[in-house]
Amino acid sequence: MRTEYRNDPAMDPSGFVVLADYVPHIIQEIRYYSTYNFIGERIDGYEEPCALLAIEAARALKAAAGELFIQGYRLKIFDAYRPACAVKHFVFWGLEDRDVRMKPYFYPDLEKESLFAKGYIAKQSSHSRGSAVDLTLLDMKTGKEVDMGSPFDLFSPISHPDCREITDEQYENRMFLQRAMVRNGFQPIDCEWWHFSLRNEPYPDTYFNFPVSSEYLRR
């Protein structure tokens, strides 16, 4: 641990890397840096549109990305490390019952207050521990995202990995991604086909709060 963070390990980025430095052919669309997300504004703590990850998770993701690249696919990253202050932003938004501007796009069939109870949004996120990533596949032949049957962050039962209310091809696309991630040390969750976390995560009890910023890591 860097000596300057000895009294606040949640602000210590020394075990993290900029993901693009490890996996140079990934594509990044960091949604919480943009306004196109379920809240509709940039999320607290996202100072750059870049993905950060604990080095152990980055190494495992590099292996998965290499395997998929040989088969004609690139990984597209929507989110990786997420500061605890970003999660707090989600919680405060959840308490604001009038703000439903993005409901048609991200939770059209659910009431906002049910998003926490149903597990789509957590009050503490595994992303803040630095070893979780949200991603999909891009087909290098077509230059398009692989059809997974629902878009990223659609809070709906149709986004559950094992949902069969999609085509066989869409289901197999999900399983193709899931198998590659599992082979390389990640585990899925039951409500989001895009979310994977490192099985043997290095910081299981630490929820980091430094900003999403390559400059913060390198200073």
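Bear in mind these aren't lab numbers, they're just calculated from the coordinates by the rules spelled out. These figures come from a predicted structure and were not determined experimentally. Cβ placement follows ideal geometry from the backbone for every residue including glycine, while neighbour counts extend to all protein chains displayed.
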TODO: Residue by residue through segment 169-190, note down the ones that are surrounded by fewer than 17 Cβ atoms within 10 Å (Cβ to Cβ) and either over 30 Å from V146 (Cβ atoms) or under 17 Å from the mean Cα position of the chain (by Cα) (or both).
DONE: V182, Q187, I189, D190
- [ ] Determine if segment 48-56 includes at least one residue that is buried (at least 20 other Cβ atoms within 10 Å of the Cβ), within 15 Å of F152 (Cα to Cα) and touching a residue at least 60 places away in the same chain (Cβ under 8 Å).
- [x] no
TODO: Taking the residues in segment 1-47 that are out of contact with any Leu (no Cβ under 9 Å at 6 or more places or on another chain) and among the aromatic types (F, W, Y) as candidates, determine which candidate is surrounded by the most Cβ atoms within 10 Å (Cβ to Cβ).
DONE: Y32
- [ ] Grab the strands (runs of 3 or more DSSP E) fully contained in segment 1-120, keeping just those with 3 or more residues being farther than 15 Å from Y216 by Cα.
- [x] 73-79
TODO: Could you pull out the residue among K123, K103 that is out of contact with any His (no Cβ under 6 Å at 6 or more places or on another chain), surrounded by 14 or more Cβ atoms within 10 Å (Cβ to Cβ), of a type in the set (K, R) and over 20 Å from F186 (Cα atoms)?
DONE: K103
TODO: Mind telling me which of the residues S150, S126 ends up being in contact with a Phe, Trp or Tyr (Cβ under 8 Å, 6 or more places away or on another chain), among the hydroxyl-bearing types (S, T, Y) and under 26 Å from H25 (Cβ atoms)?
DONE: S150
